[in-house]
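**Student:** One structure, as structure tokens, below. Some questions next.
Nothing in this text is a laboratory measurement; each read-out follows from the coordinates by a stated rule. Keep in mind that this is a model prediction, so the values were computed, not measured. Backbone-built Cβ (ideal geometry, glycine too); neighbour counts: all protein chains shown.
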Amino acid sequence: MSTHPVVAAATALQPLITEYCLESEETSRLNPAVVDAAGKAGLFRLYAPTEVGGLEVKPVDAFKAIEAVSAADPALSWYIVNSVPACLATAGLPEQERNALFAEPDKNFGFSAVVGGRAVPEGDGYRLSGSWPVVTGCVDSRWCALLGMVVDGDAPRQVDGKPDARIFLVPTDKLEIFPTWKNSAVMRGTGSNEAHATDIFIPENFAYKPSTEPVFKRPHYTYPAQVHSMPLFAAVVIGVLSSALDSATEEIANKISGISGQSQREQPASQELISESNAMLRAIRYGCLEAMGRSWELASKGEEIPLKLRAEVYSSCFLAADLGREMISKLYAKGTRAAFMQGHPLERALRNIHAIVGAIDARRAGFQYSAGRVLLGGEPMDPGF
């Protein structure tokens, strides 16, 4: 099966990403050379419309590219995944606003999933104020996509019986950024600092409503965003697990006990762990790609994606998250003393995987539980399912 050139480009970047990985941990931000190379490869515009230089790659190709990057450093993958919301929102904006967002098409977008903003209507826009404690990629972005609520007095404004929630597209230089991420113990390279907005005027066309009819009637933009984007988080897990497995396999294969003089690779427990981890990795990767492939095949024809298939996409993502976290923990526990040292591949994988899965867990109630309801013949609880 042919793949998009961005997958090969992502794989080719692995040596550069790895070279600066530990430096990014120390400085709490990605090295500019890594960000620049990723941008030139198109990794921050995987799902952006072609009209603004986006790639609009098939989800399976986006998955493979992100997996390759994650095996080198998931911090860069977090930049990529967190640029997706702005890319998808772009398809619902007028031409002038689209072009403004992508005036520098190789730039990543900052993003926060926290509804931290309060927007007061004023003229043809809003006055936005708020605080977002974790804004991934803000240190390198020109624009940030920040969630907020339009208010009517002290209460959220209601539209068709629902709170008027928006994605506000804010120039980063209008935000006050606090370097809080230097104290983080996980995913340090993401530079996910705290951002504050104080009475920033946001024009109506930069206050994106998720229910907005897309300008472009193409698959990325006409189906629920989570169907095509949630598996990308699973790709990060799988890339980190792949790297952890490679590291553990090499160490176990070469470790000799100082007490018994016996090779660790001859121990049945070690053999079972490596065998099981290898099988788990292949199984969860295939499960995600297979469900995504069937979903995209229907979407690309303009056909409806059945709820059962959507449930299979989501359930594959959560299984990848849970098994990835479990297997990395086992590999760390079976590794050598070297893994106890800060910066060791298994040490980094262990702490990063918990942060990565934590972000996936935030969607569990609305999507994994809904997947189970659908597979049992019920209706999903989340309207974005």
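**Student:** How far, in nm, would the chain grow between Lys162 and Ala33 when pulled straight, counting 0.36 nm per residue and subtracting the alpha carbon separation? Intermediate values should be presented prior to the final figure.
**Tutor:** Values: separation 129, 0.36 × 129 = 46.44 nm, distance 4.39 nm.
Here the answer is 42.0 nm.
**Student:** Considering the Cα trace of region 223-375, what is its radius of gyration and what is Dmax, both in angstroms?
**Tutor:** Spelled out, the Cα radius of gyration and Dmax of region 223-375 are 18.1, 64 Å.
**Student:** Let me ask something else about it. Compute the long axis of helix 14-27 from its Cα atoms, compare it with the longest principal axis of the Cα atoms of the chain, and write down the angle in degrees, 0 to 90, nearest 10.
**Tutor:** Around 80 degrees separate the two axes.
**Student:** Excluding Gly123 itself, what net charge comes from residues whose Cβ is under 15 Å from its Cβ, given Lys and Arg +1 and Asp and Glu -1?
**Tutor:** With Lys, Arg at +1 and Asp, Glu at -1, the net is -3.
**Student:** In addition: Relative to the present Cα-Cα distance, how much length would full extension add between Ala269 and Glu213 at 0.36 nm per residue of separation?
**Tutor:** Values: separation 56, 0.36 × 56 = 20.16 nm, distance 5.52 nm.
The span from Ala269 to Glu213 would gain 14.6 nm if fully extended.
**Student:** Just round it to a whole percent: the fraction of Cα-Cα distances in region 84-174 exceeding 23 Å.
**Tutor:** Values: 985 of 4095 pairs.
So the pairs more than 23 Å apart make up 24 percent of the total in region 84-174.
**Student:** Given N residues in the chain, what is Rg(Cα) / (2.2 N^0.38 Å)?
**Tutor:** Values: Rg = 21.4 Å, N = 385, 2.2 N^0.38 = 21.1 Å.
The chain yields a ratio of 1.01.
**Student:** Taking 0.36 nm per residue of sequence separation and subtracting the Cα-Cα distance, how much length would be gained by fully extending the chain between Thr336 and Ala155, in nm to one decimal?
**Tutor:** On the way: separation 181, 0.36 × 181 = 65.16 nm, distance 5.54 nm.
The span from Thr336 to Ala155 would gain 59.6 nm if fully extended.
**Student:** Run a plain Debye calculation on region 102-151 (Cα atoms as equal point scatterers, no solvent) and give log10 I(q)/I(0) at q = 0.29, 0.30 Å⁻¹, rounded to two decimals, same order as the q list.
**Tutor:** Reported log10 I(q)/I(0), two decimals: -1.00, -1.03.
**Student:** In addition: Just how many % of Cα pairs in region 153-203 lie over 12 Å apart, if you round to the nearest whole percent? Before the final figure, lay out each step's value.
**Tutor:** Details: 938 of 1275 pairs.
Here the tail beyond 12 Å accounts for 74 percent of pairs.
**Student:** Would any residue of region 160-185 have its amide N under 20 Å from a label point 7 Å out along Cα→Cβ of Ala365? List them or say none.
**Tutor:** The answer is 162-166.
**Student:** Another question about this same structure. Tell me which residues come under 5 Å, amide H to amide H, from Thr136 once H is placed; ignore anything under 5 positions away on its chain.
**Tutor:** Hits under the 5 Å cutoff: Phe111.
**Student:** Please order Phe109, Phe340, Phe102, Phe385 by the number of other Cβ within 10 Å, starting at the fewest. Walk me through the intermediate numbers first.
**Tutor:** Numbers: Phe109 29, Phe340 11, Phe102 23, Phe385 19.
In order of increasing Cβ crowding within 10 Å: Phe340, Phe385, Phe102, Phe109.
**Student:** For a quick check: with amide H placed at 1.01 Å from N, whose amide H comes under 5 Å from Trp143's, ignoring anything fewer than 5 positions away on the same chain?
**Tutor:** Long-range HN contacts for Trp143: Gly110, Thr172.
**Student:** Then there is this: Rg and Dmax of region 160-314, using alpha carbons, in Å: what are they?
**Tutor:** Using the Cα atoms of region 160-314, the pair Rg, Dmax is 23.4, 72 Å.
**Student:** How do Lys64, Lys255, Lys162 rank when sorted from fewest to most other Cβ atoms within 10 Å of their own Cβ? If you can, show how the numbers build up before the last one.
**Tutor:** Details: Lys64 24, Lys255 19, Lys162 11.
Going from least to most buried by this count: Lys162, Lys255, Lys64.
**Student:** With the crude spin-label approximation of a point 7 Å out along Cα→Cβ, what separation in nm comes out for Thr3 versus Thr50?
**Tutor:** With each label point 7 Å from Cα toward Cβ, the separation is 2.2 nm.
**Student:** Given the rule -39500 (n - 2.57) for each run of at least 4 DSSP H residues, summed and divided by the residues of the chain, what is its mean residue ellipticity at 222 nm, to the nearest 500 deg cm²/dmol? List each step's numbers first, then the result.
**Tutor:** Values: 12 runs with 188 residues, N = 385.
One gets -16000 deg cm²/dmol as the mean residue ellipticity at 222 nm.
**Student:** Show me, for region 378-384, the HN-Hα J-couplings you get by feeding each phi into the Karplus relation (A = 6.51, B = -1.76, C = 1.60, θ = phi - 60°), rounded to Hz, glycine and proline as x.
**Tutor:** x, 9, x, 7, 8, x, x
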